[in-house]
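Participant: Please read through the structure below; I'll follow up with questions.
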Amino acid sequence: MTAPGIDSALDAGTYNRLIEPGSENRLALERGVWHQISRKYLWVQLIANGAILLIIVVAMLVLALALQQTWAFIPGGILTVIMVWTIAILPRQVRAIGYQLRDDDLVFRRGILWQRMVAVPYGRMQLVDITHGPLDRGFGIAQLKFVTAAATTGVTIPGLSQQAAEALRDHLIAVAESRRTGL
């Protein structure tokens, strides 16, 4: 139940297809239009994780070489492997994030190995918030967070273009207001 013209704002600059796990026991996608996040989100995550990796490597090298603390190679090596693995799987993780606007709720999905699918009824939404950090602003993306009375159903959709985040926020507020008033 999307407003006319909102789909073009939500799908501008996004991926074409939502990636699903290959297992038969996966959480299957429902029929309908699934929207994805901006391609720029991948770059933001690569830069952030690359910066963390750089800090780990520099700290390990300073401790091991400059301060003669060779034990630093063990935790530093383990952290480096973890960060390289995280960076390697980021493209697939980002392509597995999606959301669907249905008649009565919004369904958010993320994850391949650890899947999460949350349906949030429009009438239960209490707060819809747009946030973005300095790196997000530089790439023109934002996060849309909406909260319900139940703390476990708070959902954050990362990596939306600024235009998509604003359009989705306005749509969700309008639909949530009509659901709460019984219109």
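The values are calculated or read from the model by the stated rules, or taken from the named source; none is laboratory data. Since this is a predicted model, take the numbers as computed values, not measurements. Please note: Cβ atoms are built from the backbone with ideal geometry, for glycine as well, and neighbour counts cover all protein chains shown. What goes into the accessible areas is simple: the full protein's heavy atoms, side chains included, and nothing from ligands, DNA or RNA. Shrake-Rupley method; radii C 1.70, N 1.55, O 1.52, S 1.80 Å.
Participant: Quick check on L18: is it in contact with a strand residue (DSSP E or B) (Cβ under 6 Å, 6 or more places away or on another chain), closer than 14 Å to P91 by Cα and hydrophobic (A, V, I, L, M, F, W, C)?
Facilitator: So L18 passes the test.
Participant: Taking region 63-76, which residues are surrounded by 14 or more Cβ atoms within 10 Å (Cβ to Cβ) and either assigned to a strand (DSSP E or B) or not aliphatic (A, V, I, L, M) (or both)?
Facilitator: F73, G76
Participant: Also, I was wondering about something else. Go through region 121-155 and give me each residue that's modelled with pLDDT of 90 or more, β-branched (V, I, T) and open to solvent by 20 Å² or more (accessible area, probe 1.4 Å).
Facilitator: If the condition is that a residue be modelled with pLDDT of 90 or more, β-branched (V, I, T) and open to solvent by 20 Å² or more (accessible area, probe 1.4 Å), then I130, T131 are the ones that fit.
Participant: Related question: Could you figure out which of (1) of a type outside the set (K, R); (2) modelled with pLDDT of 95 or more; (3) not in a helix (DSSP H, G or I) isn't true of G32?
Facilitator: (2)
Participant: Sticking with this structure for a sec: Among the residues of region 20-43 satisfying the criterion of being open to solvent by less than 50 Å² (accessible area, probe 1.4 Å) and either among the charged types (D, E, K, R) or touching a Ser or Thr at 6+ places or on another chain (Cβ under 9 Å) (or both), which is farthest from G140 (Cα to Cα)?
Facilitator: Filtering first and then ranking leaves H35.
Participant: Surrounded by fewer than 12 Cβ atoms within 10 Å (Cβ to Cβ), charged (D, E, K, R) and within 20 Å of the chain's Cα centre (by Cα): is that true of R17 in this structure?
Facilitator: Criteria met by R17.
Participant: Something else about it: How many residues does region 92-120 hold that are surrounded by 15 or more Cβ atoms within 10 Å (Cβ to Cβ), in a strand (DSSP E or B) and among the charged types (D, E, K, R)?
Facilitator: The total comes to 3.
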